[in-house]
Structure formats: C-alpha cells, structure tokens
Amino acid sequence: RVTGFPSGAKTIEWAVSEFRATGIADVELQQFDQNEGASIWLPLSWEVRLLGDPAFGEESTDVVLESAMPLSAGDLSGSSLTAPLVYVGTATSTELARIDVRGKVAIQKAIPQGHTVFMRSPVGPRAQDLLDRGAVAVLTIIDLPGNMRARDIGCGGGTCFNIGGRDGRFIESVMDAASAAGTTADIRVEMRLESERFSGLSAANGVAIIPGTSRSDEYIVLNAHADAWFDGAGDNGDGLAVLIALARHFATLGMRQERSIVFVASAGHHSSGLSGPGNFVAMNPEIAEGAVLVVNLEHTAQRNIAPARSLHEDGYREWTMDSHEAPIVAGITNLAPYLEGLVERGIERYGTNFVSGPNTMASGEGGTYRRLGVPVFTTMQGPPMYHTTGEVLEMVSTPGMERMARFMAFFVKEVSGASVAQLNPR
Ligand SMILES: [Zn+2]
C-alpha cells in the first residue's frame, strides 16, 4: 500500500467508502500532487545469491537468499556485483580494525530487542563504517524469527541488503562449516538490483467530518495513516481499523459531540513528497484554524513475539507469539495535566497497553501535526515485525484493537467537553 501507487489509492478509496457507509454526510477524497523535486526510490527486482563452488564439495550449488531486501541503490542499480563474504557480526570499531573488509561484502548482525526500530542507531552507522573501510556492500542479518524481509535500517545510500533470520542462520552455518573444514576458498556472493525513482505522483487523503452540536467550528482531528510497507497489518492497518470503528461509533444516533470530529485516513508519511498530514493541514485551513487536538492512531494493537528460549535441531531459534499486544508508547506533545489524567483514567477503564510515562513523542504522522500548535496525542508501537513481511493480519490483536477503540471513544468524548485551557494550558 505504497502512497502514490494504485494499492495506496485503493486503500484510501476503501476508507472513504467505509466513512460513507456510517451515514456521515460530509465525506471527501482530497487529492494532491507530489511535491516538486521529490521522488520515491523503490527496488523493482533483485537477487542475492551465494555461489556454489567445487572447493566446498562436488555437490555445492548456488543458494538464493529469498529474504534479501535492498535498502538503497548504492552502486548496484541496473548492474550486478560478485565479491567474497566477510563476517563481522556485531563487531565494534576496535574489532573491525582487525578485520579486512576491503573489496568484500561484509555481513553484520542485528538482534532486535523489542523494537526493530531501536536497531537503527547502532546498525546503520556500522554499515556506513564498513563501507568507509572499503567493503563493497553490506548484508545485515535481521535476527528475527522466521525469514522476513525487513525494510528498515538503511546504510546511508550505500549498497546494502537486509537478510532474514533463517537465511542469516544459513549463511553463518555455511561460513562456520567452511572454516571448520579448513577451506581456504572464499564464499562468494552475487548481487543484482534494479530500482527506480518515481516522481510526479499523486495521492489522496480520505476525510470525514461529523459536525459538533454546539462548538462546530472547533475540531478534534483523528488521524490514521493508510499507507504501508508490505501487508502493514500493524503499521498501520490496526490504526486505520480503529479510526473506522470510531467513525461508526460517533456517527450513531445520539453520539454527536459538542465539537466537530474529523476523521482522516491519511496518505501517510512513507512516500517522499506526498505527506498525508501536511496536505490535509494545507487543504483544510478552517479545520487547521479551529483544531483543538489531534489524535494520531499509529500502530495500535500488534501482538508481541516472546524472545526465543530454545533452538530447533538445525540451530534455528524457536519463537512464540504473545496473545497480548505489544507495548504501546503514548505521547502528548504539550504534556497537559488534564490530558495526562485522561490517559490514566482511560488505561484504568479499558486496559490499553500503554507503557510510557509522560512524554512528548509525536513521531510518524504526529510530527507534521505539531505545526497546528495544539496538543497531538500519538499512539505508537514498533514491535519485532515492524516494517517486515511478517507484519500480517495474524500479528494484530483483535481484543487490543477493541481496547484501543473504546479508550479513544472515551478520550474523544471527554476532550469534546473540555475547555481549551484544559487542553492547551499556556
Ligand atoms: Zn506508521
């Protein structure tokens, strides 16, 4: 569901039809164009292949690493590269000083603990360090259960691919076996990639408005981004589902609130130059002017994966899917005591899995809404399958979505009756 492409457009159209089905009269599909000069890089086809070699035995054959995921074009676009592998794992720069990576493809390892996103800061710079030391490319093993493709953790535009947990385990065992056998031949890898930059695209937000009963020129904006990498069940299918549920709830007879409620199925923030929130704010000056609070429903109810405690016979890690949802960070940009108190009350009532103390986090969509100068309340998860092909429907906790929808319905009703001074104390 990449914004700017047919799958992204279809998702917004779906959200708009869901808004209409609630009976809300004021529903719009608001189209906009990609910013001048902006472009989206997308890989189109690629392959990472370990090359068989008689030096490893007569039956040695090529093995394609199906989980390989390119992160940038590097020097590879439209061409291929063959080089020997060198394993660096989680080496520090002191250790790297003793490993010669020049002219080789370096394999590093990332072991996500809780959030894949937390691996960006140690792993991305190490990839760049490896390229600076002369590596021709970097393969990063994302040591997750399964064999997921992961579209996260870049290497500053160099030639690099992520490799899934099971393929990573395979590379390690092949290299270990070769070294145990005293093989002096290099294990070589061949990589190819075709990619393209896309510009001149267009996208849309789906917007529905339920007018307030008394203060209709004051708006509570509820936002969920509809775009995603891969299936995106948790980022952000669950958030979008909660948004639709809230639209249904507030569209029911007798549920109109004092203030107007705006539902935004946003084009999102993953496609460069096609910002959903940015264009929503620019295209709806009345709402931007009259907004009193923004709720950003982002990653609301993904289940968790318990850390591996045992190994399969072949050395592969076992894993367990939690029945409960992963920890959720909840940020309120202005730390208003009234809103913090509401969150506390909501957690007591509905059991949402918020684990954070008071903080001003508004990443993802939330950041762009800061420009309105009103409190932005963001829910955010980044569980293990974040930005991977493992983020499928089964990863979403249905009770978790229900808890979040009930929590948010309560939160919005309370906010609708609160004074501006309570929401945004100066
Ligand atoms: Zn997201």
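Which loop trypsin sites (Lys or Arg not before Pro) in the range 201-273, with loop taken from DSSP, have no more than 12 other Cβ atoms within 10 angstrom of their Cβ? Kindly include the intermediate steps, with their values, before the conclusion.
Details: sites: 215, 248, 256, 259; in loops: 256.
Taking the range 201-273 and a limit of 12 other Cβ atoms within 10 Å, no loop trypsin sites (Lys or Arg not before Pro) are found.
Note down, for the range 224-299, the three equivalent ellipsoid semi-axes (square root of 5 times each alpha carbon gyration tensor eigenvalue), biggest first, whole angstrom.
After scaling each eigenvalue by five and taking roots: 23, 18, 8 Å.
Within the range 42-195, what percent of beta bridges assigned by DSSP are antiparallel, to the nearest 5?
Numbers: 18 of 33 bridges.
Bridges in the range 42-195 are about 55 percent antiparallel.
Counting only C-alpha contacts under 8 Å and six or more residues apart, can you give the relative contact order of the chain as a whole percent? Write down the numbers at each step before the final one.
Details: 994 pairs, mean separation 85.1, N = 426.
In percent, rounded to a whole number, it is 20.
So for the pair residue 10, residue 41, with labels modelled 7 Å out along Cα→Cβ, what separation do we get in nm?
2.8 nm
Rounded to two decimals, what is the ratio between the C-alpha radius of gyration of the range 174-239 and 2.2 N^0.38 Å? Before the final figure, lay out the partial values.
On the way: Rg = 26.0 Å, N = 66, 2.2 N^0.38 = 10.8 Å.
Compared with the compact-globule rule of thumb, the range 174-239 sits at 2.41.
Return an integer: the convex hull volume of the alpha-carbon atoms of the range 35-129, in Å³ per residue.
Working: hull volume 16.6 nm³, N = 95.
Value for the range 35-129: 175 Å³ per residue.
Can you find, among 38, 280, 51, the residue farthest towards the positive end of the dipole of the chain? Put +1 on the C-beta of Lys and Arg, -1 on that of Asp and Glu.
So the residue furthest toward the plus end is 280.
With all protein chains present and a 1.4 Å probe, how do 238, 53, 186 order by accessible area, largest first? Don't jump to the answer; show the numbers that get you there.
Numbers: 238 0, 53 35, 186 80 Å².
So the residues, ranked largest to smallest area, are 186, 53, 238.
Straight-line reach from residue 413: which aspartates and glutamates have Cα under 18 Å away, leaving out those fewer than 8 places along the same chain?
Candidates past the 8-residue exclusion: 217, 218, 258, 340, 344, 348, 402.
From zero up to wherever the largest Cα-Cα distance of the range 134-276 sits, split into 5 Å bins and tell me the percent of pairs in each.
Computed distribution, short to long bins: 2, 7, 11, 13, 12, 11, 9, 7, 7, 6, 5, 3, 2, 2, 1, 0, 0.
Would you tell me the accessible area of residue 2, worked out with a 1.4 angstrom probe on the heavy atoms of the protein chains, in Å² to the nearest 10?
Around 30 Å² of this residue is reachable by solvent.
Assigning unit charges at the beta carbon (Lys, Arg +1; Asp, Glu -1) and nothing else, what dipole magnitude in debye, to the nearest 20, does the chain show about its Cα centre?
Once rounded to the nearest 20, the dipole reads 960 debye.
Where does the longest stretch of the chain lie that holds no GluC sites (Glu not before Pro) found in a DSSP loop with 16 or fewer other Cβ atoms within 10 Å? Working shown, then result.
Values: sites that count: 36, 58, 59, 66, 258, 313, 318.
Excluding the exposed sites themselves, the longest stretch runs over 67-257.
Tally the DSSP beta bridges in the chain and give the antiparallel ones as a percent, rounded to 5.
Values: 44 of 77 bridges.
The antiparallel fraction comes to roughly 55 percent.
Roll a 1.4 Å probe over the protein heavy atoms and report the accessible area of residue 104 in Å², nearest 10.
50 Å²
What length, rounded to one decimal in nm, is gained on full extension from residue 345 through to residue 97, with 0.36 nm per residue of separation minus their alpha-carbon distance?
Values: separation 248, 0.36 × 248 = 89.28 nm, distance 5.37 nm.
The span from residue 345 to residue 97 would gain 83.9 nm if fully extended.
Working with all protein chains in place, sort 209, 261 by solvent-accessible area computed with a 1.4 Å probe, largest first. Before the final figure, lay out each step's value.
Numbers: 209 30, 261 0 Å².
In descending accessible area the options line up as 209, 261.
Measuring from label point to label point, each 7 Å out along Cα→Cβ, what is the residue 419 to residue 286 span in nm?
Simple spin-label model gives 2.8 nm for this pair.
Using a 1.4 Å probe, how large is the accessible area of residue 184, given in Å² and rounded to the nearest 10?
130 Å²
Just how far, in whole angstrom, is the range 15-60 from the range 218-296 if you go by their alpha carbon centroids?
22 Å
Can you compute the modelled spin-label distance between residue 60 and residue 359, with each label point 7 Å from Cα toward Cβ, in nm?
Spacing of the two 7 Å Cα→Cβ label points: 4.8 nm.
Any idea what diffusion coefficient the chain gets from Stokes-Einstein, in µm²/s, Kirkwood Rh on alpha carbon pairs, 37 °C, 0.692 mPa s? Walk me through the numbers before you get to the answer.
Values: Rh = 23.1 Å.
For the chosen part, D equals 142 µm²/s.
I need the Debye-formula profile for the range 42-195: one equal scatterer per C-alpha, no solvent, reported as log10 I(q)/I(0) at q = 0.14, 0.18 1/Å, two decimals.
The calculated log intensity ratios at q = 0.14, 0.18 Å⁻¹ are -0.63, -1.08.
With angles folded into 0 to 90 degrees, how steeply does helix 337-350 sit against the dominant principal axis of the chain? Use alpha carbons for both and round to 10.
Long axis of 337-350 versus the principal axis of the chain: about 80 degrees.
The values are calculated or read from the model by the stated rules, or taken from the named source; none is laboratory data. Quick caveat, the model's predicted, so the values are computed rather than measured. Heads up, the Cβs are rebuilt from the backbone with ideal geometry, glycines too, and the neighbour counts pull from every protein chain shown. Please note that ligands, DNA and RNA were not included when accessible areas were found on the heavy atoms of the full protein model with its side chains. Shrake-Rupley method; radii C 1.70, N 1.55, O 1.52, S 1.80 Å.
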